[in-house]
Amino acid sequence: MRFIVLSLAFTLLGSNLFNSYSAPAPAGLYEQRDLHDPNGIGKFYMGREIAHVMGHQGADWLERPERQEEEAPDQLVSLLGLQRGQTVADIGAGTGYITYRMAREVGPEGKVHAVDIQQEMLDLLQVNMQRRSITNVISTLGTITNANLPTNSIDLALMVDVYHEFSHPYEMTQSLVNALRPGGRLALVEYRAEDPTVPIKLVHKMTEAQVRKEMALFPLEWVATKTNLPRQHLILFRKRQ
């Protein structure tokens, strides 16, 4: 009897602490097409083609000097309104270009989960955090369907130029919503597809309308869309209480 009780306790503890399961997407959300953009994978989600993922071999591009002018990362993080002591997540963190900026905002009493599906990226990120003496970042290896974050633990999850590359956007978003605390925020930063002058390949852009359409599948409410950035929009949602 004691063994059964202990087993049940550990099972409940695991289910509360680790968001390890994502239900499959409802039928009809995904579609495979033979005719598609060569920069996409041929898989469509709610009418949008999913883009190829940038591999760790292209990590230098994430740290390019031009990114300051093109994306205004400090302004972006300021727009998030992070507070000291919060627990936040950088999804698709790459080399930590945005991660360390978030870490400074939440301070040593807060923490940042840096999530990526490539261990090579996380290895580079750790080197960059050590170089900057950042100690409040937790590296987390996710999967293509799950961010592997603790349930109901995150005040804000940020995705910068990565959501459009998710091969399983429904499952991944579900895992992020599960990880958010009630009232926690989900933030997507994507190159503005509404603006033809933004010099980014089409499948690597998203319209605000498409983002809101996809997030409407989840218990999220739209909060604001900020267009202060040079080429991207920041679209904020909040998890319903």
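The values are calculated or read from the model by the stated rules, or taken from the named source; none is laboratory data. This structure is a prediction, so every number in the text was calculated from the model and none was measured. Every residue, glycine among them, receives a Cβ derived from its backbone with ideal geometry; neighbour counts consider all protein chains shown. Side chains are part of the model used for accessible areas, which takes the heavy atoms of the whole protein and leaves out ligands, DNA and RNA. Shrake-Rupley method; radii C 1.70, N 1.55, O 1.52, S 1.80 Å.
Kindly indicate whether ALA179 is at negative phi, free of Cβ contacts under 8 Å to residues at least 12 places away in the same chain and of a type in the set (A, V, I, L, M).
Numbers: at negative phi: yes; free of Cβ contacts under 8 Å to residues at least 12 places away in the same chain: no; of a type in the set (A, V, I, L, M): yes.
Spelling it out, it is not the case that ALA179 is at negative phi, free of Cβ contacts under 8 Å to residues at least 12 places away in the same chain and of a type in the set (A, V, I, L, M).
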Any residue in the range 25-42 that is closer than 15 Å to VAL53 by Cβ and free of Cβ contacts under 8 Å to residues at least 40 places away in the same chain sitting within a Cβ distance under 8 Å of a residue that is open to solvent by 90 Å² or more (accessible area, probe 1.4 Å) and part of a strand (DSSP E or B)? List the pairs, counting only those 6 or more apart or interchain. GLY42/GLN32
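Go through the range 40-87 and report how many residues are of a type outside the set (Val, Ile, Thr) and at pLDDT below 95. Give the derivation first.
Taking the range 40-87 first, the residues of a type outside the set (Val, Ile, Thr) are 40, 42-49, 51-52, 54-76, 78-86.
Cutting the leftovers down to at pLDDT below 95 gives us 52, 54-71.
So the answer is 19.
Just the residues that are open to solvent by less than 90 Å² (accessible area, probe 1.4 Å) and either under 19 Å from LEU79 (Cβ atoms) or touching a Phe, Trp or Tyr at 6+ places or on another chain (Cβ under 6 Å) (or both), please, taken from the range 189-203. Let's see the steps before the verdict.
Residues of the range 189-203 that are open to solvent by less than 90 Å² (accessible area, probe 1.4 Å), as a first pass: 189-193, 195, 198-200, 203.
Across the range 189-203, the qualifying residues are VAL189, GLU190, TYR191, ARG192, ASP195, VAL198, ILE200.
Can you tell which of VAL115, VAL162 is within 24 Å of PRO65 (Cα to Cα) and either touching a residue at least 40 places away in the same chain (Cβ under 8 Å) or open to solvent by 30 Å² or more (accessible area, probe 1.4 Å) (or both)?
Numbers: VAL115 fails: either touching a residue at least 40 places away in the same chain (Cβ under 8 Å) or open to solvent by 30 Å² or more (accessible area, probe 1.4 Å) (or both).
Going through VAL115, VAL162 in turn, the sole match is VAL162.
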If you take the residues of the range 16-32 that are open to solvent by 90 Å² or more (accessible area, probe 1.4 Å) and assigned to a loop (DSSP other than H, G, I, E, B), which of them is modelled with the lowest pLDDT? SER20
In the range 217-241, what residues are of a type in the set (Val, Ile, Thr) and open to solvent by less than 10 Å² (accessible area, probe 1.4 Å)? ILE235
Of the conditions (1) open to solvent by less than 60 Å² (accessible area, probe 1.4 Å); (2) farther than 21 Å from PRO26 by Cβ, GLU214 clears all except one; give me its number. (2)
Restricting attention to the range 168-188, and to residues there that are farther than 21 Å from THR95 by Cβ and among the small types (Gly, Ala, Ser), which single residue is surrounded by the most Cβ atoms within 10 Å (Cβ to Cβ)? ALA179
Output for Cβ contacts, cut-off 9 Å, separation at least six or different chains, first residue under 21 Å from VAL177 (Cβ atoms) and part of a loop (DSSP other than H, G, I, E, B) in the range 79-103, second of a type in the set (Ser, Thr, Tyr) and open to solvent by 10 Å² or more (accessible area, probe 1.4 Å), reads ALA93/SER139; ALA93/THR140
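Would you confirm, using the coordinates I've provided, whether THR207 is open to solvent by 20 Å² or more (accessible area, probe 1.4 Å) and either among the β-branched types (Val, Ile, Thr) or within 23 Å of TYR30 (Cα to Cα) (or both)? Can you show your working first?
Working: open to solvent by 20 Å² or more (accessible area, probe 1.4 Å): yes; either among the β-branched types (Val, Ile, Thr) or within 23 Å of TYR30 (Cα to Cα) (or both): yes.
The answer is yes for THR207.
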